[in-house]
Amino acid sequence: MSKQEVILCEGLANSLTHAIEKCPHDKLFILTDEHTHRLCRPHLDGIPALEGAEEIVIGAEDVHKNLETLAAVWQALSEKGASRHSLLINLGGGMVTDLGGFAASTFKRGIAYINVPTTLLAMVDASVGGKTGINFNGLKNEIGVFAPAACVLLETEFLRSLDAHNFFSGYAEMLKHGLISTPKHLAELLAFDTEKTDYALLKSMVGRSVQVKEHIVEEDPLEHGIRKALNLGHTVGHAFESLALAESRPVLHGYAVAWGLVCELYLSYIKTGFPKDKMRQTIQFVKENYGSFAFNCKQYDQLYELMKHDKKNTAGVINFTLLKEVGDICLNQTADKETIFEMFDFYRECMGV
Ligand SMILES: NC(=O)c1ccc[n+]([C@@H]2O[C@H](COP(=O)([O-])OP(=O)(O)OC[C@H]3O[C@@H](n4cnc5c(N)ncnc54)[C@H](O)[C@@H]3O)[C@@H](O)[C@H]2O)c1
Ligand SMILES: O=C(O)C(=O)C[C@@H](O)[C@H](O)[C@H](O)COP(=O)(O)O
Ligand SMILES: [Zn+2]
């Protein structure tokens with residue numbers, strides 16, 4: 001997989017023009033969801049390089065990250081005359097970059113695409129690293145391919161219209177990057193004033209956060225080893241997200257990850273000796289900013305079954321990424337059913353569920 005260019009923009013118009021010039025194409029397409037079409041697409045008005053671009057607009061949020069929406073994008077590309085040499089620009093959050101990236105990398109066996117992420121989550125995580133896909137059969141990202149964007153342009157000005165809920169969703173992936181990188185980065189994240197956003201500071205933190213991901217993806221693009229670090233909090237987090245989706249009470253991905261981090265830090269504490277004070281400090285941050293996901297002990301089996309579908313698993317054995325310390329990563333950890341249930345007990349007790 002080729003190294004992906006990730007640019008923290010000083011001016012989106014120039015960066016995008018340059019990126020488009022570097023991708024020779026016969027026709028240009030812009031994919032947005034109904035919200036980013038209204039709120040973010042106008043930021044690109046008047047850029048000559050986008051003249052004549054065809055627009056494709058899909059429904060917003062993860063309930064639309066599915067086969068029907070994917071087919072609608074393929075259909076639109078086909079009907080609007082896309083060829084193997086066309087270029088797709090994904091303008092949106094992780095839902096648009098995941099689904100748009102998958103649509104691009106499968107249409108006529110693959111056309112080039114550029115990601116212009118508009119949420120915090122997509123900037124620090126989803127738009128980078130080439131994991132594309134859709135939810136399927138009630139499972140997160142069940143179908144997809146590794147296919148990096150030609151270029152990722154990070155314009156943090158988009159974050160000014162993001163609501164608090166989606167801000168915190170992205171912040172959870174930043175916390176994850178803090179936990180798997182350095183105590184300094186984690187401390188900076190835990191100290192950030194989330195009530196009164198300093199956008200200049202946030203921009204520099206986005207830069208540092210995405211670098212954590214870039215370095216890991218560069219080393220292991222196809223997740224044979226160290227890339228599993230980026231899945232911290234997700235073995236449980238994805239199960240929470242899938243359960244919530246099945247019960248028609250969807251939760252944002254980052255919230256599920258934050259609650260998954262609570263569980264997996266507990267496992268880290270009991271299995272790999274993660275320090276109790278650091279576990280408590282991170283859990284406190286999650287409690288204060290994310291509330292909790294409610295479930296009861298009758299649902300433990302269902303969550304356990306969902307975790308059996310995690311992509312890191314081999315031969316039905318549930319695989320966790322755990323920590324010995326901040327930045328000291330233990331890959332390919334396992335836990336028996338009893339320990340996993342004990343972890344759920346701990347979560348419910350400390351989160352007051
Ligand atoms: N591929 C990866 O490596 C990766 C990494 C992390 C998450 N993900 C996936 O990303 C998805 C979540 O992404 P997300 O959190 O960006 O959600 P999202 O794309 O659903 O966006 C959240 C909401 O914010 C709106 N929005 C987008 N930009 C906005 C802006 N600038 N101002 C106001 N509203 C805006 C969207 O329309 C949507 O309603 C999940 O499907 C998750 O599985 C993928
Ligand atoms: O890029 C990665 O690798 C990650 O694991 C990042 C995660 O934040 C992201 O949610 C990813 O989509 C999860 O992938 P999956 O392989 O567990 O579906
Ligand atoms: Zn994630």
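The values are calculated or read from the model by the stated rules, or taken from the named source; none is laboratory data. Please read all numbers here as calculations on a predicted model, not as lab measurements. Note: ideal-geometry Cβ built from the backbone for every residue, glycine included; neighbour counts use all protein chains shown.
When GLY178 is tested against the conditions (1) without any contact (Cβ under 8 Å) to a residue 24 or more places away in the chain; (2) touching a helix residue (DSSP H, G or I) at 6+ places or on another chain (Cβ under 7 Å); (3) not hydrophobic (A, V, I, L, M, F, W, C), the lone failure is (1).
Check every one of the helices (runs of 4 or more DSSP H) wholly within the stretch 206-296 and list those with 1 or more residues that are in contact with a His (Cβ under 9 Å, 6 or more places away or on another chain), touching a residue at least 12 places away in the same chain (Cβ under 8 Å) and of a type in the set (A, V, I, L, M).
Working: elements: 234-246, 253-272, 276-290.
Here the list reads 234-246, 253-272.
On the basis of being within 15 Å of ligand 2 (Cβ to nearest atom), closer than 23 Å to LEU120 by Cα and not assigned by the TED database to the domain that holds LYS131, does LEU252 make the cut? Yes: the conditions hold for LEU252.
GLU157 meets all of the listed conditions (1) acidic (Asp, Glu); (2) within 11 Å of ligand 2 (Cβ to nearest atom); (3) touching a residue at least 24 places away in the same chain (Cβ under 8 Å); (4) over 19 Å from GLY254 (Cβ atoms) but one, namely (2).
Please determine whether any residue of the stretch 277-299 is within 14 Å of ligand 2 (Cβ to nearest atom) and crowded, with 16+ Cβ neighbours inside 10 Å. Steps first, please.
Filtering the stretch 277-299 for residues within 14 Å of ligand 2 (Cβ to nearest atom) gives none.
No, the stretch 277-299 has no match at all.
For the structure I just gave you, tell me whether ALA200 is more than 26 Å from PHE293 (Cβ to Cβ), of a type in the set (A, V, I, L, M, F, W, C) and more than 10 Å from ligand 2 (Cβ to nearest atom). Judged against the criteria, ALA200 is a match. Residue count for the stretch 103-131 satisfying the condition of being assigned to a helix (DSSP H, G or I) and under 19 Å from LEU28 (Cβ atoms): 6. Within the stretch 16-33, the set of residues being closer than 12 Å to ASN115 by Cα and in a helix (DSSP H, G or I) comprises LEU16, ALA19, ILE20.
When the residues of the stretch 6-41 are filtered to those that are in contact (Cβ under 8 Å) with a residue 60 or more places away in the chain and exposed (fewer than 15 other Cβ atoms within 10 Å of the Cβ), which remaining residue is nearest to VAL206 (Cα to Cα)?
Looking only at the stretch 6-41, we keep the residues that are in contact (Cβ under 8 Å) with a residue 60 or more places away in the chain, and these are 6-9, 12, 15-16, 19-20, 22-33, 36, 39-40.
Now restrict to residues that are exposed (fewer than 15 other Cβ atoms within 10 Å of the Cβ): 22, 24, 26.
Values: LYS22: 25, PRO24: 29, ASP26: 33 Å.
Among those residues, the one meeting the criterion is LYS22.
Of all residues in the stretch 321-339, those satisfying the criterion of being surrounded by 15 or more Cβ atoms within 10 Å (Cβ to Cβ) and in contact with a Cys (Cβ under 9 Å, 6 or more places away or on another chain) are THR321, LEU322, LEU323. Scanning the stretch 149-203 for residues that are more than 19 Å from ALA258 (Cβ to Cβ), among the acidic types (Asp, Glu) and outside the structural domain of ALA103 (by the TED database) yields a single hit, ASP198. Every condition in (1) more than 13 Å from ligand 3 (Cβ to nearest atom); (2) of a type in the set (Ser, Thr, Tyr); (3) more than 30 Å from THR17 (Cα to Cα) holds for TYR255 except the one numbered (1).
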